[in-house]
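Accompanying notes for the structure given below.
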Amino acid sequence: MTAADQPAANASPRQFLRNALSSYANLILGVVLSLVLTRVLLEHLGTSTYGLWIVLLSIVSYLALLDVGVSTAVVQRVARMTAVGDHDGLADVIRTSSIFFSVSGAIAVLVTVVVAPFLGSIVHLGDISAQKAGVTLVLLGVMIAVKFIAAVPSAVLFGVGRNDRQSQINLAGMFVTQIAQVVVVLAGGGLIWLGVVTVVGTVFSFGLTSFLVRRITGFSVATGRFRRQILVDLLTFGGRNTVIAVSGMVSYSLDALIIGIILPVAQVAPYDIALSTANLTRNLTTYGSDLLLPTYAHLESVKDPARQARLFSRTVMATLAISLPILVALAAFGDPILTLWLGKVPPKTYSIMIALGFVTALELPGHQCFVFLTGIGRNQLMMRMAVLGATINLIGSIIATFWLGPIGPAIGSLPAVLVIEFTILPIIVCRYLEMSFATYVKDALLPVLPAVAAAGVLALAILWLFPVPHSAHAVRGGVQAVVCATAVVLGAWAATAVVVLRIEPDMRTTVLARLRRTGR
């Protein structure tokens, strides 16, 4: 395979769009399948067995820490080597990382084997057999081990810009696995058979991914050689990402615990509900832009800072233009939407939802900085800033929770998010790209204003023309609020599209040409 034959990691808009659309399709269909599976399992396994299944999955999920960020490091390394056509180096990375993840998988299985006999003293099993629970835990450990080994071909597909193929494989594996789980449960199978089916589905996905990697790159896990220095580099780079991930966990995942320690535990409920809406907004806005990590690595290898700067500015603009109209719509119609969703809404949920939505929006430039700095291999700087931000965030959240109640963690996060993620990190990236901060503001922040203005005007107009009832039992009002909120978001996004087409002559020309062809 020649350098010209090697795929470039999301180096063309068409390739990036294909990867993004397939990723979002995988996300949406995965949520739908999960909802169906959850209902079937809950009805046919019973509350106790289903709860134990979720607990076992939660236990083995912590074994993912054995990854120590190496899978992300492999993505970055593969993208850079693909860009310069370093076939031998690519084969050695695949071989070295495969050995590392094989060892990680063996450790994962060993941990579950050691924990299984003591599961009855860790979890309240009730009438469920401790032996069945232990066997299921070991099976899930095997599943995690297979996922570790499968992380290599998955990272390679991501690194060479074929995340669309990985999304298709994930969807196929998820569909086959969950259909098999439904069949097994309906046939009277219990926890152990669920574990068996899960392992088989994971092996199925691994086989498909390995086949595609060999077809696309020409390499298998046995092609290259184990290189100690490559492993050291992967662990060093991955370790920094692990520190960043742990810092993020300290910043945001501990909020519910902080509330539960300082306030009555009932105060956790409104924060948790509001956090779910913020997480949904974050996923909608970042799921596509995260695909640019190998793109930045590719452009770093071919020395194209101008395109890096353009992509960075546009992704910051796009993520803000997506999230801020959602925040405006929730501010205008969130109360009746929460009532429609929950029936009886815990006090303060609405205000916490808006506060967390604002914090989420301010985080987005920092998230894009993380993707960029990780892609170009400069995550040591991001690590330092993440640790500093997590410390400030934790202290601020504790103090604000004492003073303000359950909204405290959201308010306490604002100083660190505003100073570090919204301001300092973009300044650092601008300096690396030799782009003035004024240019960044003009290209990334100012084009967002029409979207916010459009959302605000639409929300005020709709509230004036079609007032939404706020009765606690007004289902009609909740449905109307959902429709109105959707209209606000779509209208604001349309305004953003018009602005983008005006400032992007190449995109405008392409869109007009395609419209003319469609008209014919």
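Things worth noting here:
- Every residue from the range 41-80 that is touching a residue at least 60 places away in the same chain (Cβ under 8 Å), in a helix (DSSP H, G or I), farther than 19 Å from THR136 by Cβ and of a type outside the set (Lys, Arg): LEU65, LEU66, ASP67, VAL70, SER71, THR72, ALA73, VAL74, VAL75, GLN76, VAL78, ALA79
Matching residues to (1) of a type in the set (Asp, Glu); (2) in a helix (DSSP H, G or I); (3) buried (at least 23 other Cβ atoms within 10 Å of the Cβ):
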{"position": "PRO153", "(1), (2), (3)": "no, yes, yes"}
{"position": "LEU157", "(1), (2), (3)": "no, yes, yes"}
{"position": "GLY161", "(1), (2), (3)": "no, no, yes"}
{"position": "GLN166", "(1), (2), (3)": "no, yes, yes"}
{"position": "PHE175", "(1), (2), (3)": "no, yes, no"}
{"position": "VAL183", "(1), (2), (3)": "no, yes, no"}
{"position": "GLY189", "(1), (2), (3)": "no, no, no"}
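- Within the range 478-492, the set of residues being surrounded by fewer than 21 Cβ atoms within 10 Å (Cβ to Cβ) and more than 30 Å from MET317 (Cβ to Cβ) comprises VAL479, GLN480.
- Hits in the range 288-312 (condition: more than 25 Å from SER22 (Cβ to Cβ) and in a helix (DSSP H, G or I)): PRO305, ALA306, ALA309
Residues checked against (1) over 17 Å from VAL160 (Cβ atoms); (2) at pLDDT 75 or above; (3) within 22 Å of the chain's Cα centre (by Cα):
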position	(1), (2), (3)
ALA20	no, no, yes
SER34	yes, no, yes
LEU37	yes, no, yes
LEU42	yes, no, no
LEU57	yes, yes, yes
SER61	yes, yes, yes
ALA64	yes, yes, yes
SER71	no, yes, yes
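- Only a single item in (1) buried (at least 21 other Cβ atoms within 10 Å of the Cβ); (2) assigned by TED's automatic domain parsing to the domain that holds THR295; (3) at pLDDT below 90; (4) not acidic (Asp, Glu) is not met by LEU356, and it is number (3).
- Scan of the range 81-93 for residues that are in a helix (DSSP H, G or I) and over 21 Å from LEU291 (Cβ atoms), ordered by number: HIS87, ASP88, GLY89, ALA91, ASP92
- Residues of the range 128-151 that are surrounded by fewer than 19 Cβ atoms within 10 Å (Cβ to Cβ), at pLDDT below 85 and assigned to a helix (DSSP H, G or I): ALA130, GLN131, LYS132.
- Residues of the range 208-231 that are at pLDDT 70 or above and exposed (fewer than 14 other Cβ atoms within 10 Å of the Cβ): PHE211, ARG215, ARG225, PHE226, ARG228, GLN229.
- Condition check for ILE462: out of contact with any Lys or Arg (no Cβ under 9 Å at 6 or more places or on another chain), among the hydrophobic types (A, V, I, L, M, F, W, C), modelled with pLDDT of 90 or more and over 23 Å from ALA318 (Cα atoms): yes
- Considering (1) at pLDDT 70 or above; (2) over 18 Å from the mean Cα position of the chain (by Cα), the lone condition that GLY30 does not fulfil carries the number (2).
- Selection status of LEU512, modelled with pLDDT of 90 or more and assigned to a helix (DSSP H, G or I): no
- Hey, ILE392 exposed (fewer than 15 other Cβ atoms within 10 Å of the Cβ), in a helix (DSSP H, G or I) and without any contact (Cβ under 8 Å) to a residue 40 or more places away in the chain or not: no
- Test: residue in the range 109-116 that is of a type in the set (A, V, I, L, M), free of Cβ contacts under 8 Å to residues at least 24 places away in the same chain and farther than 26 Å from ALA245 by Cβ: yes
- Meets criteria (in a helix (DSSP H, G or I), at pLDDT 80 or above and over 19 Å from PHE148 (Cβ atoms)) for VAL199: no
- SER276 vs. criteria under 24 Å from ALA485 (Cα atoms) and among the small types (Gly, Ala, Ser): yes
- Residue list for the range 272-295, filter: small (Gly, Ala, Ser) and surrounded by fewer than 19 Cβ atoms within 10 Å (Cβ to Cβ): SER276
- Residues of the range 131-184 classified as of a type in the set (D, E, K, R) and within 21 Å of SER289 (Cβ to Cβ), total: 3
- Annotation note: of LEU186, LEU125, the sole residue that is farther than 24 Å from ALA106 by Cα, modelled with pLDDT under 75 and of a type in the set (A, V, I, L, M, F, W, C) is LEU125.
- The selection criterion, being within 23 Å of VAL419 (Cβ to Cβ), in the same structural domain as THR486 (by TED's automatic domain parsing), in contact (Cβ under 8 Å) with a residue 60 or more places away in the chain and β-branched (Val, Ile, Thr), holds for THR374.
- Cross-chain or 6+ apart pairs with Cβ under 7 Å, the range 188-215 first and in the same structural domain as LEU56 (by TED's automatic domain parsing), then among the charged types (D, E, K, R): GLY190/LYS132; LEU191/LYS132; ILE192/LYS132; THR202/LYS147; LEU212/ARG165
The values are calculated or read from the model by the stated rules, or taken from the named source; none is laboratory data. Just so it is clear, the structure is predicted and the values come from calculations on it, not from any experiment. Cβ sites come from the backbone with ideal geometry, for glycine too, and all protein chains shown count toward neighbours.
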